[in-house]
Amino acid sequence: MNVSRASWRNTTHDWAGGVDEEHLADIRRRPGEFAPGGVAHLVLEVVAYAADEAESRGGGRCAVVLHPDGSVEVTDDGRGTDTRLDEHGRPVKKPIMATRDLRFFDHPGARTLPDGHPRRGMSVVAALSEWLVHTNRRLNGSWTRRYEHGLPLSDLEPIAGDGTTGTGVRFLPRADLRAAAPVTVADPASRAWPHLSVEVHDRRG
């Protein structure tokens, strides 16, 4: 039975909101604060969600691919981002890209990532990327959506299922962030998130 999204319980994000433009703009104004160290921090923000999923399931895998165009792709084998049907039968995904993570944002005691900096959430990655493509595969359907500077360009676009579940995020960080320190992920991630197996594939040549 489909029910109003206003009745859905908020855990990590506010289901009633779709896009928080001021929140995204604030992140874009302060890249040094929200992405210290550049791209490497953004990658850890994404991998942290895969680690959450792996911990809840007793284990999981994640692949990080560094592409020649400067984009980074992170995929996992979890259940996929929570997606529900509202009272009109329309699919609604948890707004992880364009709204604040209620667990971490504006909380001084929020947990840190393996680089020692605070975890803020996926909205940081979306806001500080020229573009981001979120691909989601769940048992109840698969879809994709593209964002630019954190703002969605379309509704959810259905894609064919392939018999798997999981989340894929490919993003091109802003040029100023790409010019920062080299990307390193696997070693600190494996120590911080023992339930998650992380593989890094560098295709930059």
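Here, each number is a calculation from the coordinates, and none is a lab measurement. In this text, all values refer to a predicted model and were calculated from it rather than measured experimentally. Ideal geometry is used to build each Cβ from the backbone, glycine not excepted, and the neighbour counts take in all protein chains shown.
Figures for the structure shown
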quantity	calculated
Length-normalised contact order for segment 126-205 - Cα pairs under 8 Å, 6+ apart - percent	27 percent
For the chain: relative contact order, % (alpha-carbon pairs under 8 angstrom, 6 or more apart)	29 percent
Charge dipole (debye, nearest 20) of the chain; +1 at Cβ of Lys and Arg, -1 at Cβ of Asp and Glu	200 debye
Of 112, 135, 83, the one that fluctuates the most in a GNM where the chain has Cα springs shorter than 10 Å	112
Computed FRET value (nearest 0.05) for residue 146 with residue 55, which takes r as the C-beta separation and R₀ as 30 Å	0.55
Fraction of beta bridges assigned by DSSP in the chain that are antiparallel (%, nearest 5)	80 percent
Dipole of the chain [Lys/Arg +1, Asp/Glu -1 at C-beta], most positive-end residue of 38, 177, 165	165
Ranked 159, 96, criterion: other C-beta atoms within 10 Å, fewest first	159, 96
Linear extension gain, residue 176 paired with residue 199, 0.36 nm per residue minus alpha-carbon span	5.7 nm
Highest-MSF residue in the chain out of 71, 154, 123 [GNM, Cα springs under 10 Å]	154
Least to most buried among 45, 53, 130 (fewest other Cβ within 10 Å first)	130, 53, 45
Long-range tail of P(r) for segment 63-116 (Cα pairs > 16 Å, %)	69 percent
Per-residue [θ]222 nm for the chain (sum of -39500 (n - 2.57) over DSSP H runs n ≥ 4, rounded to 500)	-6500 deg cm²/dmol
Highest-MSF residue in the chain out of 158, 95, 173 [GNM, Cα springs under 10 Å]	158
Centroid-to-centroid separation of segment 101-180 and segment 61-97 [C-alpha atoms, Å]	7 Å
Taking 143, 193 and counting other C-beta atoms within 10 Å, the order from fewest to most	143, 193
Alpha-carbon Rg with Dmax, taken over the chain, Å	16.2, 51
